[in-house]
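Working notes for the structure below.
Laboratory data are not the source of any read-out in this text; all were calculated from the coordinates shown. Worth saying up front: this structure is predicted, and the values here are computed from it rather than measured. Cβ placement follows ideal geometry from the backbone for every residue including glycine, while neighbour counts extend to all protein chains displayed.
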Amino acid sequence: MRATIIHGPGDIRVENVPEPKIVAPTDAVIRTVATCVCGSDLWSYRGINPVTEPQPIGHEYVGIVEETGSDVSTVRPGQFVIGSFIASDNTCPICRAGYHTSCRHRDFPNGCQAEYVRIPLADGTLVATQEQPAEELMPNLLTLSDVMGTGWYAARAAEVKPGSTAVVVGDGAVGLSGVIAAKELGAEHIIAMSRHESRQKLALEFGATDIVTERGEEGVARVKELTNGLGADSVLECVGTKESMHQALQSTRPGGNVGFVGMPHDVQIDGQQLFFSHVGLRGGPAPVRAYLPDLIERVFSGRINPGKVFDLTLSLDEVAEGYKAMDERRAIKALLRP
Ligand SMILES: [Zn+2]
């Protein structure tokens with residue numbers, strides 16, 4: 001089968017590799033229908049996360065179950081499924097508490113930018129749709145595998161409530177999904193921080209009420225202006241840099257909350273400053289599996305259209321161009337058709 005292999009910074013290739021097989025009785029093998037490039041894949045592409053040997057890449061997928069191990073009972077061959085980027089059993093105490101990405105038995109599907117993928121813990125990880133989804137729903141459903149679920153977790157972690165004010169730091173696919181989540185959870189004012197016109201447009205379409213183009217201290221000052229000098233109730237930090245985290249913490253009112261889902265790189269938090277700010281902080285890899293049934297329902301009913309974050313569709317053979325376009329910020333997110 002064809003699969004995407006990263007050889008080093010900026011070096012993405014499609015190669016022929018053996019098809020994955022069932023290894024454990026709890027595995028499933030799926031044939032991917034669509035997959036995509038994640039902002040976090042760019043950490044390896046840019047050489048920030050070192051790549052020491054050629055390795056398969058990609059962790060977002062929707063597909064058709066091809067084969068299941070002998071212990072798998074909740075999905076069967078032929079079904080259309082969506083799964084989380086981290087495999088979980090969905091039964092341990094941590095999963096039951098809603099934190100599937102810290103499942104006691106978690107495992108990592110990898111190499112999803114390929115024609116076939118082995119998914120560990122299939123019963124706990126995959127959710128089958130009731131029917132075969134229409135073609136136009138495919139991009140929407142694919143976002144539930146990571147970015148939309150991650151934006152949802154950011155909003156939940158930031159405790160967005162009906163009538164509240166939310167700020168979204170970051171205008172990538174996760175930030176834009178965070179705007180959708182804040183709106184669905186009832187935020188009345190949603191301030192999106194973005195400098196890019198096409199992304200601002202999408203943020204407004206998704207429910208943002210204000211756009212702030214300033215960054216750093218100026219960005220914080222602008223948020224304060226828009227929130228009676230107080231700061232926002234909820235801030236969704238969807239970038240993961242020192243600057244974005246600082247901006248998020250400073251933009252939150254005392255007693256408000258920051259949900260952080262951008263993978264932190266070089267972020268340091270001053271304990272005393274946090275103590276006196278009275279700001280709550282929660283984040284981590286999003287337990288997207290916890291939200292799948294609800295979000296699938298919202299997609300099928302037409303309430304949300306997160307698939308609009310895909311502004312580039314390529315065949316799997318063109319995957320290198322997808323990475324390049326996202327790296328150069330010519331594209332928000334690239335969808336790949338195997
Ligand atoms: Zn678990």
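Normalise the Cα radius of gyration of segment 29-84 by 2.2 N^0.38 Å (N = residues in it) and let me know the number.
On the way: Rg = 14.7 Å, N = 56, 2.2 N^0.38 = 10.2 Å.
The reported ratio for this selection is 1.45.
Any chance you could list the semi-axes, whole Å, largest first, of the equivalent ellipsoid that the Cα gyration tensor gives for segment 272-338, using √(5λ)? All intermediate terms of the calculation are to be shown ahead of the outcome.
On the way: eigenvalues 201, 93, 25 Å².
Here the semi-axes work out to 32, 22, 11 Å.
Ranking 70, 40 by Cβ neighbours within 10 Å, fewest first, what do you get? Can you show the working numbers first?
Numbers: 70 10, 40 19.
Least to most surrounded, the residues fall as 70, 40.
Between residue 284 and residues 5 or more places away or on another chain, which pairs have amide H atoms under 5 Å apart, with H built 1.01 Å from N, and which residues are they?
So residue 284 has HN proximity to 260.
Across all directions of projection, what mean area in square nanometres is found for the Cα convex hull of segment 1-124?
Numbers: hull surface 30.7 nm².
Mean projected area for segment 1-124: 7.7 nm², to one decimal.
Arrange the following residues from fewest to most other Cβ atoms within 10 Å of their Cβ: 190, 64, 5. Let's see the in-between values first.
Numbers: 190 29, 64 15, 5 18.
Lowest to highest Cβ neighbour count: 64, 5, 190.
Per residue and in Å³, how big is the convex hull formed by the alpha-carbon atoms of the chain?
Values: hull volume 42.8 nm³, N = 338.
Output value, Cα hull per residue: 126 Å³.
Work out from phi, with θ = phi - 60° and the Karplus expression 6.51 cos²θ - 1.76 cosθ + 1.60, the ³J(HN,Hα) of each residue of segment 158-166, listed in order in whole Hz, and give x for Gly and Pro.
Once rounded to whole Hz, the list reads 7, 6, 5, 10, x, x, 7, 10, 10.
Using Cα springs under 10 Å in a Gaussian network model of the chain, which residue among 134, 248, 166 shows the largest mean-square fluctuation?
Most flexible of the set in this elastic network: 134.
Would you please state the base-10 log of I(q)/I(0) at q = 0.10, 0.15, 0.19, 0.23 1/Å for segment 215-309, with intensities from the Debye formula using one equal scatterer on every alpha carbon?
Each listed q maps to, in turn, -0.34, -0.70, -0.94, -1.12.
Exposed loop GluC sites (Glu not before Pro) only (DSSP loop, at most 11 other Cβ atoms within 10 Å): please give the longest stretch of the chain free of them, not including the sites. Can you show the working numbers first?
Numbers: sites that count: 131, 328.
In the chain, the maximal stretch lacking such sites is 132-327.
Output wanted: per-residue J couplings in Hz (rounded whole) for segment 242-255, from phi through Karplus 6.51 cos²θ - 1.76 cosθ + 1.60, θ = phi - 60°, x for Gly and Pro.
My calculation for segment 242-255 gives 4, 5, 5, 5, 4, 4, 5, 5, 6, 8, 9, 6, x, x Hz in order.
Residues with beta-carbon under 12 Å from that of residue 30, excluding residue 30: net charge, scoring Lys, Arg +1 and Asp, Glu -1?
-2
Amide H of residue 230: which non-local residues (sequence gap of 5 or more, or other chain) have their own amide H closer than 5 Å, using H built in the peptide plane?
Excluding prolines and chain starts, which carry no amide H, there are no hits.
Tell me, what HN-Hα J-couplings in whole Hz come from the Karplus equation 6.51 cos²θ - 1.76 cosθ + 1.60 at θ = phi - 60° for each residue of segment 53-64, using x for Gly and Pro?
Per residue, the Karplus-derived 3J(HN,Hα) values read 8, x, 8, x, 9, x, 9, 10, 6, 10, x, 10 Hz.
Mean-square fluctuation check for the chain, GNM, Cα pairs under 10 Å: which of 185, 142, 230 is largest?
230
Quick check: Cα centre of segment 270-292 to Cα centre of segment 142-209, how many Å?
Taking the Cα centre of segment 142-209 as reference, the centre of segment 270-292 is 16 Å away.
Where does segment 148-283 land on Rg(C-alpha)/(2.2 N^0.38 Å)? List each step's numbers first, then the result.
Details: Rg = 12.8 Å, N = 136, 2.2 N^0.38 = 14.2 Å.
So segment 148-283 has a normalised radius of gyration of 0.90.
Say we join alpha carbon atoms closer than 10 Å with springs in a Gaussian network model of the chain; which of 151, 229, 207 then has the biggest fluctuation?
229
Scan around residue 62 for amide H atoms under 5 Å from its own, H built in the peptide plane at 1.01 Å from N, and keep only partners 5 or more places away or cross-chain.
HN-HN under 5 Å from residue 62: 33, 34.
As a footprinting exposure proxy, order 99, 291 by other Cβ within 10 Å, with the fewest listed first.
Numbers: 99 19, 291 23.
Ranked by crowding around the Cβ, least crowded first: 99, 291.
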